Amino acid sequence: MRWLRRNWAWLLALPLALGAAGFASCHRLIEIYWPSEPTAPVTVSGATAHYVSEFVNAGATYARDIDVTFQGARHVETHGGLRAVEGATLWAFDFTLAAGPKVIADGCTVVALDERGRQYFPRAATTVDPSEPRDLSVPCLPPDAEGPTIDYFSGTVIDSRLERPPQWDTTLVVAIPDGIEPTAVRIWWDLPVYAEFPLP
């Protein structure tokens with residue numbers, strides 16, 4: 001009984017400590033089984049990368065096999081109805097993509113990096129330009145010929161009205177603060193796999 005009286009506070013704290021330890025280990029499991037960082041670069045040969053990954057939706061596994069060629073980066077005033085906010089510059093990153101007609105190629109992400117490794121994501125520091133029609137097409141896909149896409153709620157694969165061509169061009173934009181030059185661009189569909197291209 002004396003031991004219980006001396007240590008009752010520690011006994012009350014024990015469930016909290018166990019809960020905190022469990023939460024910390026769960027975060028580690030999430031990072032292992034549902035990675036959220038780009039940690040698996042694919043090989044880039046010249047300006048082209050062969051991007052191979054897979055993802056699971058509604059119990060089914062889908063493979064992606066996409067050739068990604070980086071064509072270059074440039075300043076633009078507007079693109080797809082977006083412009084950079086004051087104090088930022090809109091950069092356009094041009095890619096040529098190639099994939100089989102049955103490959104699901106929606107859901108790409110592009111990120112620009114500067115010399116210090118800071119990352120700049122799409123939509124950040126942008127605003128709508130009312131003078132230009134808003135581009136509502138699926139990023140990384142040709143309008144009206146997207147090829148198969150997936151309804152991530154039902155798991156249904158939806159074919160586009162027109163068959164996607166075997167190769168197509170796409171442009172993705174990122175706003176970067178004035179005075180900062182991007183040194184590399186990353187593109188991915190399924191983390192942790194990504195392709196990184198240096199800017200000349």
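The values are calculated or read from the model by the stated rules, or taken from the named source; none is laboratory data. Worth saying up front: this structure is predicted, and the values here are computed from it rather than measured. Cβ coordinates were reconstructed from backbone atoms using ideal geometry, including for glycine residues, and neighbour counts include every protein chain displayed. Remember, those area values only see protein heavy atoms, side chains included, never the ligands or the DNA or RNA. Shrake-Rupley method; radii C 1.70, N 1.55, O 1.52, S 1.80 Å.
If a residue must be touching a residue at least 12 places away in the same chain (Cβ under 8 Å) and either closer than 23 Å to Glu181 by Cα or surrounded by fewer than 11 Cβ atoms within 10 Å (Cβ to Cβ) (or both), how many such residues does the stretch 50-80 contain? Summing the residues that are touching a residue at least 12 places away in the same chain (Cβ under 8 Å) and either closer than 23 Å to Glu181 by Cα or surrounded by fewer than 11 Cβ atoms within 10 Å (Cβ to Cβ) (or both) in the stretch 50-80 gives 15. Inside the stretch 70-105, residues that are closer than 17 Å to Pro139 by Cβ, part of a loop (DSSP other than H, G, I, E, B) and at pLDDT 95 or above make up a count of 3. Among the residues of the stretch 174-187, which ones are open to solvent by less than 20 Å² (accessible area, probe 1.4 Å) and either free of Cβ contacts under 8 Å to residues at least 60 places away in the same chain or in a strand (DSSP E or B) (or both)? If the condition is that a residue be open to solvent by less than 20 Å² (accessible area, probe 1.4 Å) and either free of Cβ contacts under 8 Å to residues at least 60 places away in the same chain or in a strand (DSSP E or B) (or both), then Val174, Ala175, Ile176, Ala184, Val185, Ile187 are the ones that fit.
For the condition within 15 Å of Leu172 (Cβ to Cβ), of a type outside the set (Gly, Ala, Ser), loosely packed, with under 13 Cβ neighbours inside 10 Å and out of contact with any Cys (no Cβ under 6 Å at 6 or more places or on another chain), Pro143 qualifies. Among all positions in the stretch 158-169, there is no residue which is surrounded by 12 or more Cβ atoms within 10 Å (Cβ to Cβ), in contact (Cβ under 8 Å) with a residue 24 or more places away in the chain, aliphatic (A, V, I, L, M) and over 15 Å from Phe70 (Cα atoms).
Within the bounds of the stretch 109-120, is there any residue that is modelled with pLDDT of 95 or more, hydroxyl-bearing (Ser, Thr, Tyr), out of contact with any Asp or Glu (no Cβ under 6 Å at 6 or more places or on another chain) and surrounded by 12 or more Cβ atoms within 10 Å (Cβ to Cβ)? Give the derivation first.
In the first step, residues of the stretch 109-120 are kept if they are modelled with pLDDT of 95 or more; the result is 109-120.
Checking the rest, the ones that are also hydroxyl-bearing (Ser, Thr, Tyr) come to 109, 120.
Adding the requirement that they be out of contact with any Asp or Glu (no Cβ under 6 Å at 6 or more places or on another chain) leaves 109, 120.
After this cut, where a residue has to be surrounded by 12 or more Cβ atoms within 10 Å (Cβ to Cβ) as well, the list is 109, 120.
Scanning the stretch 109-120 turns up at least one residue that is modelled with pLDDT of 95 or more, hydroxyl-bearing (Ser, Thr, Tyr), out of contact with any Asp or Glu (no Cβ under 6 Å at 6 or more places or on another chain) and surrounded by 12 or more Cβ atoms within 10 Å (Cβ to Cβ).
Sort through Leu141, Leu191, Leu136, Leu172 and tell me the only one that's within 30 Å of Ala58 (Cβ to Cβ) and at pLDDT below 95. Every option except Leu136 fails the conditions.
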